[in-house]
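Notes follow once the structure below has been shown.
The values are calculated or read from the model by the stated rules, or taken from the named source; none is laboratory data. Note that the structure is a prediction, hence the values are computed from the model and not measured. Ideal geometry is used to build each Cβ from the backbone, glycine not excepted, and the neighbour counts take in all protein chains shown.
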Amino acid sequence: MKLNELRDNPGAAHKKKRVARGPGSGVGKTAGRGIKGQKSRSGVALNAYEGGQMPLYQRLPKRGFNKPNRKEFAVINLGLIQKFVDAKKLDIKGEITEDALVAAGLTGHKRDGIRILAKGELKSKLTLNVTGASAGAVEAIEKAGGKITVKTASVSGDAAE
């Protein structure tokens, strides 16, 4: 093996297509853009343009709005909590806070708080302290012999604040 024998693996490097470089290239003259028209010119953005007709997204009625001060919760399912307890990533002896859930890696960040949902099965006896929980999650935790403290006034989390 000599330096002049070194090669890339077959198919590892793709040659750049050089358009508009003569008829022998296969993509000369019009450079694959066809003949005339707006799309053959440079500097054209045709995303939702409909030839001067009012675009569809402008013709359709708009409904609703996005609440600017809405609360966004990090959502954790009971099954995932049980999985982390089984893997010994969560200590169930004391109270499990939102910071402990983030530190264990159940969620990246807690946003406006953490909300527990009832998906999955919980077998461990836990003491949780979180911002919100669904009614099914509260029921499942208490059925397993645990306790949950919810910081918000509403259990379902659907009440207007």
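Pairs are defined by a Cβ separation below 9 Å, a sequence spacing of at least 6 or placement on different chains, a first member in region 69-92 that is farther than 11 Å from residue 105 by Cβ and part of a loop (DSSP other than H, G, I, E, B), and a second member that is of a type in the set (Asp, Glu) and modelled with pLDDT under 90; the pairs so defined are 71/161. Taking the criterion of being of a type in the set (Ser, Thr, Tyr), in contact with an Asp or Glu (Cβ under 9 Å, 6 or more places away or on another chain) and buried (at least 18 other Cβ atoms within 10 Å of the Cβ), the only residue of region 92-138 that qualifies is 131.
Residues that are of a type in the set (A, V, I, L, M, F, W, C) and part of a loop (DSSP other than H, G, I, E, B) occur at least once in region 37-44.
Residues considered: 65, 84. Of these, the only one that is surrounded by 13 or more Cβ atoms within 10 Å (Cβ to Cβ) and among the aromatic types (Phe, Trp, Tyr) is 84.
Remark: pairs (first residue in region 35-56, more than 16 Å from residue 20 (Cβ to Cβ); second residue outside any loop (DSSP other than H, G, I, E, B) and among the aromatic types (Phe, Trp, Tyr); Cβ separation under 8 Å; 6+ apart in sequence or on different chains) = 48/57. Among residues of region 30-39 being modelled with pLDDT of 90 or more and loosely packed, with under 13 Cβ neighbours inside 10 Å, the one that is nearest to the chain's Cα centre (by Cα) is 32.
Could you look through region 103-126, keep only residues that are of a type in the set (Lys, Arg) and assigned to a loop (DSSP other than H, G, I, E, B), and pick out the one that is farthest from residue 91 (Cα to Cα)? So, considering only residues that are of a type in the set (Lys, Arg) and assigned to a loop (DSSP other than H, G, I, E, B), the one farthest from residue 91 (Cα to Cα) is 119.
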